[in-house]
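Single-structure report; data block below.
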Amino acid sequence: MSTILELASLKAGYGQSVILQDVSLSVSEGEIVCLLGSNGAGKTTTTRAISGLLSPWSGEVRFAGVNIVAVPAHKRVALGICLAPEGRQVFPNFTVHENLLLGSYSEAARPRRAEKFDEVYSLFPRLAERRSQAAGLMSGGEQQMLAIGRALMGCPRLLVLDEPSLGLSPKIIVDVYEAVATIAKRGLSILFVEQNVQAALTIAHRGYVLANGRIAVSGTSAELRNAPHVQEAFLGRRVSLSGAGKASPSSVATSSH
Amino acid sequence: MGWRIVSWSIWALGFALALLIPLFGNPMMIDITFRICSLVVLAVSWNVMASAGLISLGHSAFFGLGAYAAILTANLAGAPFWLTLLVAIGAGAVLGSALALITGRLRGIYFAITTLAVSEGLRVIAVMLPDMTGGAKGAYLAAKSFPGVTAINLGMGVAAVGTCLIAWTISRSRYHYAFRAMRANEHASQMLGIYPLKYRVAITAISGSLASLAGGVEVWHGGYLDPALAFDLHITITSQIAPILGGLYTLSGPVLGAIATILLGDATRIGLGHIQGASLLVFGMVLVVCVLYLPQGIRGGLSDVFRRRSVTCASHVSLAKSADVARP
Amino acid sequence: MDLIPQAFSDAVLLAGLYTLMAVGLSLGFGVIRIINFAQGEMIMLGAYGAFWLFTLFGIDPLISLPLLVVAGFALGWVIFGGFVVKVLDAPHINQILLTFGLGLAIQHIAIILWTGNARSTQPTYATSSFLIGDVLVVHGRLVAFLVAVVMVVALIAWLRWSETGLATRAVAENRGAATLMGIDVRKIYALSFGVSCALSVATGVVVSFILTITPFMGFPMLVKAIAIVILGGLGSIAGTVIGAIVLAFAETFASYYVPEGSGWAEGIAFILIIGILILSPRGIRGQAVETN
């Protein structure tokens, strides 16, 4: 299985504040990987660096082996990276259908538009029902589905999701995650960032925990679920993770101060 | 700190020149000093507004209003020189406050637009009320008592010195930080418990009254006023160019810029004088170039050369650098 | 009074022209969030373009219109790429002063090249007229109205139904999300600025046979366009149409019914701006306007 995305020693932030100190992670083709972290840990900074909305100060973002740090954000869709951003950010005055239409704006995605519409509408029947409704009037869950569907319209090889469970009720979270799992079964690689550890680990193959601007823990979802120290890692203390598990490129930090 | 003494000395020298030349200088020096002092008042006034995030695109409105206030009070009420100036100051304060109240808590762009509209609107009013203002034909100053040319020139010098002192006082006051906050991010300053509206009104009232004072003195100097002269685009432009060229948000910037602008204007007139419109064309280009390439104006350039600390509180925040706000 | 039908007719024709005049400003602000203070000078250039083509080559303004519109688009594209793009992320003061300075420079280049003397183009339809009942309709005004309607409708159609129009509206709503769709926001900005200038140039061409042409004509038109756009709400095309109707009617009826009204009519835009800002700054259909 080849690596579709690799972040190597990424350092990024805003103005004077450093958010990501040294972040390295990878996603292999067909995998579902989650990046966990508490509020302000830098999850959105990471997704913005991947999608190109933010330029890192150092480090590399390698997509299919090529460093894309210099590629402007709007060109990354054509490469195959599509992001459903934090807060959904649907276009409120456009209809569901128009939002999806915009998702397939790029030259690469336009020819496959009809096919993609079918795919998204069958994946999210709720969206099909509401296709002429203004996106701003929909519920949080529907907007999240729309954001994901809109990202899918871009024919991605890697789908990036920023906190899909944010502000949603548990029932809707289940629906959303089921949809994500279905998407993954069709061979799409998925990276998502989450605060909600439980929900994330239900579908992720592997995960990383981001704290203090670095990866504190990494492992398979089983390891992360069972490890007693993941919560601590969440809060920013470094932990060691026992057990070999799957090989993962990022190192496991040991607790030493 | 040796530099501080040098700086104070230069200021003292400048003030002395502004006050002594009208009394003892030769006609050419008096004329250029008058024009420089006039622009210093306008430039510092514009700069004070800009320091609080309020861009005036129609500073001629204040100037013209002050000029009309002075000439009308003199002609219709027979008021003496100093009284007409007080009326001009008052008119400017009222206009400034009105502008601030009208635009309330709206974004800076609305203030800019309103000043643009007001300068045009006042011009229309001046044209359409010939009984009062002489209309488009204009009016001559017909004062009961004339204070003498020297007093008028000295008046402008005093105005310039006073304006600099007022600006210095503002920059030293605790309100100074409120203004910087307003300039950088109005939203945040409201959350911090600073109330921009109150400060906006204060700033525009003070700044406006100074610009109106300049208009009032000028009308005594020139003896004639019509709407085109009062609300001349030239006044609006030079009020902006001087502080930008000299260094925005600083104390010495507008003064240096006023001197530079007068010299530039004269040089253009001498060099390209036969071409009407040349000087404003030059000013327009200067404006564009400054915005794009010289964010800190002349003063910033000098400061880079000498690597000195400025006397002012508002140091190097300047045109091109926006406040960096961390966004999560 | 029986002037009402005449006033009504004049006002409607004027409203069409005013819509064309203001819609470019509205587009520029809606998409790029910048007010182009050089807008008036674009109109002036369009008028002079039509004038010189008419005077030197005898080309009717309506025929030179497409050519000049394309030239206006190109000029807008160049101005955007050469100047405006550099202040996109700069503080407002830079943006305001940049377009203001450009407008000033263009105005005085015009003064130097063409002097301040008043001109106008004189195609036959500029002064000829016909009667509908008791109402006199000047051909020139009607032509201007029709051109304006065609261009505004074309703009709205482009925004509504074309791929780039959709992208432009998306950028106006949320430029970050638009980028994630693969939309090149810079290019859309340049495109919008170009279209905005093209519309201004078209206004100038049309105005060349209605008003006198001087290098100073742009400024009052800028103030009016601003009044219209604020009244209708910054960033809304429908609002611009409404604002244009309001201003046109207010000016026309003032000039008919108020003594010396045509002089005062010029000040109505100013009164409208003040009035709107006091009463309802959002305008009729606009976006939120509170600080930041």
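Could you sort A:191-197, A:203-209 so that the peptide with the highest average Cβ count within 10 Å comes first and the rest follow in order?
By packing density, highest mean first, the sequence is A:203-209, A:191-197.
Have a look at the DSSP beta bridges in chain A and tell me what percent are antiparallel, nearest 5.
Of those bridges, close to 55 percent are antiparallel.
For B:LEU76 and C:TRP52, what is the calculated FRET efficiency with R₀ set at 56 Å and r taken between the beta-carbons, to the nearest 0.05?
That pair, B:LEU76 with C:TRP52, gives E of 0.70.
With only Lys, Arg, Asp and Glu charged, each at its Cβ (+1 for the first two, -1 for the last two), find how big the charge dipole of region B:14-232 is about the Cα centre; round to the nearest 20 debye.
Its charge dipole is roughly 700 debye.
Can you tell me the equivalent ellipsoid semi-axes for region C:133-184? Use √(5λ) from the Cα gyration tensor, largest first, whole Å.
Rounded to whole Å, the semi-axes are 38, 9, 7.
Over all directions, how big on average is the projection of the convex hull of the alpha-carbon atoms in region C:164-270, in square nanometres?
Answer in nm², one decimal: 7.9.
In nanometres, what is the gap between the two model label sites at B:ARG4 and B:MET285, each 7 Å from Cα along Cα-to-Cβ?
Distance between label points: 4.3 nm.
For the charge dipole of the protein assembly as shown, defined by +1 on Lys and Arg C-beta atoms and -1 on Asp and Glu C-beta atoms about the Cα centroid, which residue among A:PHE117, B:MET132, C:GLY218 has the Cα displaced farthest towards the positive pole?
Highest projection toward the positive end goes to A:PHE117.
Charges only on Cβ, +1 for Lys and Arg, -1 for Asp and Glu: so what's the dipole of region C:11-215 about the Cα centre, in debye to the nearest 20?
240
Taking beta carbons within 10 Å but only from partner chains, what does the mean come to for residues B:279-288?
That works out to 6 on average.
For a quick check: with amide H placed at 1.01 Å from N, whose amide H comes under 5 Å from A:ILE19's, ignoring anything fewer than 5 positions away on the same chain?
Amide H neighbours of A:ILE19: A:ALA12, A:GLY13, A:TYR14.
Using only the alpha-carbon atoms, what does region B:14-232 span along each of its principal axes? Please give whole angstrom values in decreasing order.
Principal axes ranked by extent give 53, 43, 25 Å for the Cα atoms.
Given a cut-off of under 8 Å on Cα pairs at least six residues apart, what relative contact order in percent is computed for region C:11-215?
It rounds to 46 percent for region C:11-215.
Principal axis extents for the protein assembly as shown, Cα atoms only, whole Å, descending order, please.
100, 83, 45
Starting from the Cα of B:ILE270, step 7 Å toward the Cβ, then list every residue of region B:13-40 with an amide N under 19 Å from that point.
B:26-37
Divide by every residue of the protein assembly as shown the summed helix terms, -39500 (n - 2.57) for each DSSP H run of at least 4, and state the resulting mean residue ellipticity at 222 nm, rounded to the nearest 500 deg cm²/dmol.
That comes out to -20500 deg cm²/dmol.
Towards the positive end of the charge dipole of the protein assembly as shown, with charges on Cβ (+1 Lys, Arg; -1 Asp, Glu), say which of C:LEU14, C:LEU199, A:GLY40 has the farthest Cα.
Value: A:GLY40.
For peptide A:34-45, compute the average count of partner chain beta-carbon atoms within 10 Å of each residue's beta-carbon.
The mean count of partner-chain Cβ atoms within 10 Å per residue comes to 1.
Taking the Cα atoms of region A:81-163 alone, what are Rg (to one decimal) and Dmax (as a whole number) in Å?
Every Cα atom of region A:81-163 included, Rg and Dmax give 11.3, 31 Å.
Read phi for every residue in region A:32-37 and hand back ³J(HN,Hα) as whole Hz from Karplus 6.51 cos²θ - 1.76 cosθ + 1.60, θ = phi - 60°, with x for Gly and Pro.
So the J values, rounded to whole Hz, are 10, 10, 10, 10, 9, x.
Could I have the simple spin-label model distance between C:LEU136 and A:SER38, label points 7 Å from Cα toward Cβ, reported in nm to one decimal?
8.1
Of A:LYS185/C:LYS187; A:LYS75/C:LYS86; A:LYS11/C:LYS187; B:LYS198/C:LYS86; A:LYS43/A:LYS75, which ones are farther than 27 Å apart at the Cα?
A:LYS185/C:LYS187; A:LYS11/C:LYS187; B:LYS198/C:LYS86
In whole Å, what are the extents of region C:17-127 along the principal axes defined by its C-alpha atoms, from largest to smallest?
Extents along the principal axes, in whole Å: 48, 29, 22.
Summing +1 for each Lys or Arg and -1 for each Asp or Glu, what net charge is found among the other residues whose Cβ lies under 15 Å from the Cβ of A:LYS171?
It works out to a net charge of -2.
By average Cβ neighbour count within 10 Å, what is the ranking of A:116-122, C:96-102, B:243-249, A:50-56 from highest down?
B:243-249, C:96-102, A:50-56, A:116-122
On the Cα set of region C:11-215, report Rg and Dmax in Å, please.
For region C:11-215, the Cα radius of gyration and maximum Cα-Cα distance read 17.8, 58 Å.
Note the angle between two axes, namely the Cα long axis of helix A:113-123 and the longest principal axis of the Cα atoms of chain A, as a number of degrees from 0 to 90, rounded to the nearest 10.
Computed tilt is about 70 degrees.
Arranged from highest to lowest average of other beta-carbon atoms within 10 Å per residue, in what order do the peptides A:126-138, B:56-68, B:86-98 appear?
The most tightly packed comes first, giving B:56-68, B:86-98, A:126-138.
Convert each backbone phi in region C:54-61 into a coupling constant with the Karplus relation 6.51 cos²θ - 1.76 cosθ + 1.60 (shift: θ = phi - 60°), then list the ³J(HN,Hα) values in order as whole Hz, x for Gly and Pro.
Per-residue couplings from phi come out as 6, 6, 7, 10, x, 7, 5, x Hz.
So what's the Cα pair-distance distribution over region A:42-81, bin width 10 Å, in %?
For region A:42-81, the binned pair fractions read 33, 59, 8 percent.
Quote the Stokes-Einstein diffusion coefficient, in whole µm² s⁻¹, for region A:35-130, based on the Kirkwood radius over alpha carbon pairs, a temperature of 25 °C and a viscosity of 0.890 mPa s.
160
How many Cβ atoms of partner chains, on average, are near each residue of A:85-94 if near means within 10 Å of its Cβ?
Going residue by residue through A:85-94 and averaging, the value is 4.
Dividing the Cα convex hull volume of region B:37-158 by residue count, how many Å³ per residue is that?
104
Could you tell me which of A:SER169, B:SER119, C:LEU277 has its Cα farthest along the dipole of the protein assembly as shown towards the positive end, charges placed at Cβ (Lys, Arg +1; Asp, Glu -1), taken about the Cα centre?
Positive-most Cα among the choices belongs to A:SER169.
Quote the relative contact order of region A:84-136 in percent (integer), defining contacts as alpha-carbon pairs under 8 Å separated by 6+ residues.
Worked out over region A:84-136, it gives 60 percent.
With the alpha-carbon atoms as the only input, what is the per residue convex hull volume for chain A in Å³?
Each residue corresponds to 122 Å³ of Cα convex hull volume.
Each reported figure results from applying straightforward, stated rules to the coordinates on display, with no laboratory input. Keep in mind that what you see is a predicted model, and the values were worked out from it rather than measured. We place every Cβ from the backbone using ideal geometry, glycine too, and count neighbours over all the protein chains shown.
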